[in-house]
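The values are calculated or read from the model by the stated rules, or taken from the named source; none is laboratory data. In this text, all values refer to a predicted model and were calculated from it rather than measured experimentally. Cβ atoms come from the backbone with ideal geometry, glycine included; neighbour counts cover every protein chain shown. The protein model used for the area step is the full one, side chains on, heavy atoms only, and it has no ligands, DNA or RNA in it. Shrake-Rupley method; radii C 1.70, N 1.55, O 1.52, S 1.80 Å.
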Amino acid sequence: MAGTDGRLRGMSDVEDGAPAVVLVGAQLGENVGAAARAMLNCGLGDLRLVAPRDGWPNPQARAAASGADAVLDAARLYDDLRSAVADLHHVYATTARPRDVAKPVLTPQEAAAAIRRASARGERTGLLFGRERIGLTNDELSLADAILTIPLNPGFSSLNLAQAVLLLAWEWRRAGSLPSPPRPSAAGAPPATRAQLLGFFDHLEGALEQTGFFKTRELRPSMVRNLRAIFHRANLSEREVRTLHGVVTALCGRRKDQLE
Ligand code: SAH
C-alpha cells in the first residue's frame, strides 16, 4: 500500500503534465539524489539520466534523496541525450552562462508558463541539466528549443546542479497557481516530437553532406547547429516536418536528374 511502502512515498501527488528532468552526464550521485528529492518536493516524477559518471544505481544518490526513492526507482537510464528526449515535444536547456547560440533565452517564469501551456495541450516537455563541471556542450544545446537561464549575480551565477533543479521545479509548481495567458498558436496542429524533428535533421544533414554543402569538416558542426536553430525557432508541427522531409527528398531527386 502506498501509505506503508516507503518506495512509493509522495509519488501519488506527482503531476502528469510535469516536465521531465534530464540530467546529462551528472558526476556526483549526491547531486542526482538531491535533484530527485527536489523534484518530488515540487511534484515532478520523471527523472532521466544520460550516462551518469559513476553508473547507476548509485548508493550516494539513494542517501541524498532522503526518501524520494520512488523517483530514483522510476528513473530511466540512457546512453545518449537524443534517445532521452525522443518522446518530448518541447525541450529547454538550462545554462548558467549565456551561450553563443541562436536560440531564445527564457527566464524561469517564461519557461514555466510555456510548460504549463504545453501540458494543457497534452504535450510533453523536458528540462535539460548539464554536468557539474562543464554544463552542457553546444551539440547538446542544439537538441533544445530554447535556453533557460536563472538570472543570478552575473559575476557568480553557477548554481549547484540540484539547486538549479529545485529552483526550476519550484517555478513550475508556482506557475500552476497563476492564470496562464493563451498561447498564440500558429497552426493549432500537433507539434512534432523531438524524434520526428531529429529524424528530419538527419535527413537534411545527410542530404547536405552528399551535395557538398559542408565546405570543410571544421565548419560542419557550427553550420549544423545554426541550421537546427532555424528549425527549432519555427516550432514545427508534425505535418510541417513531413512536408520538409518531402522537400528534401524532392530536391535530392532533382539534383540526381541534373547530374544524369
Ligand atoms: N560550470 C558549468 C555550470 C555547471 S552547474 C557552466 O559554466 O556551464 C550544473 C548545471 O546546473 C548546469 O549545467 C545547468 O544545467 C544548471 N545551472 C547552474 N546554474 C544555473 C543557472 N544560473 N541557470 C540555469 N541553470 C543553471
Pick out, from segment 65-175, the strands (runs of 3 or more DSSP E) lying fully within it that include 2 or more residues that are open to solvent by 20 Å² or more (accessible area, probe 1.4 Å) and either more than 10 Å from the ligand (Cβ to nearest atom) or within 24 Å of G43 (Cβ to Cβ) (or both). 76-78
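Filter segment 132-143 down to the residues that are among the hydrophobic types (A, V, I, L, M, F, W, C) and either over 18 Å from L159 (Cβ atoms) or out of contact with any strand residue (DSSP E or B) (no Cβ under 7 Å at 6 or more places or on another chain) (or both) and list them by number.
Of everything in segment 132-143, those that are among the hydrophobic types (A, V, I, L, M, F, W, C) and either over 18 Å from L159 (Cβ atoms) or out of contact with any strand residue (DSSP E or B) (no Cβ under 7 Å at 6 or more places or on another chain) (or both) turn out to be I134, L143.
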Could you please find all residues in segment 89-131 being touching a strand residue (DSSP E or B) at 6+ places or on another chain (Cβ under 8 Å) and of a type in the set (D, E)? E123
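In contact with a Lys or Arg (Cβ under 9 Å, 6 or more places away or on another chain) and of a type outside the set (D, E): is that true of A164 in this structure? Even if it seems obvious, please write down each step before you answer.
On the way: in contact with a Lys or Arg (Cβ under 9 Å, 6 or more places away or on another chain): no; of a type outside the set (D, E): yes.
Taking the combined requirement at face value, the residue does not satisfy it.
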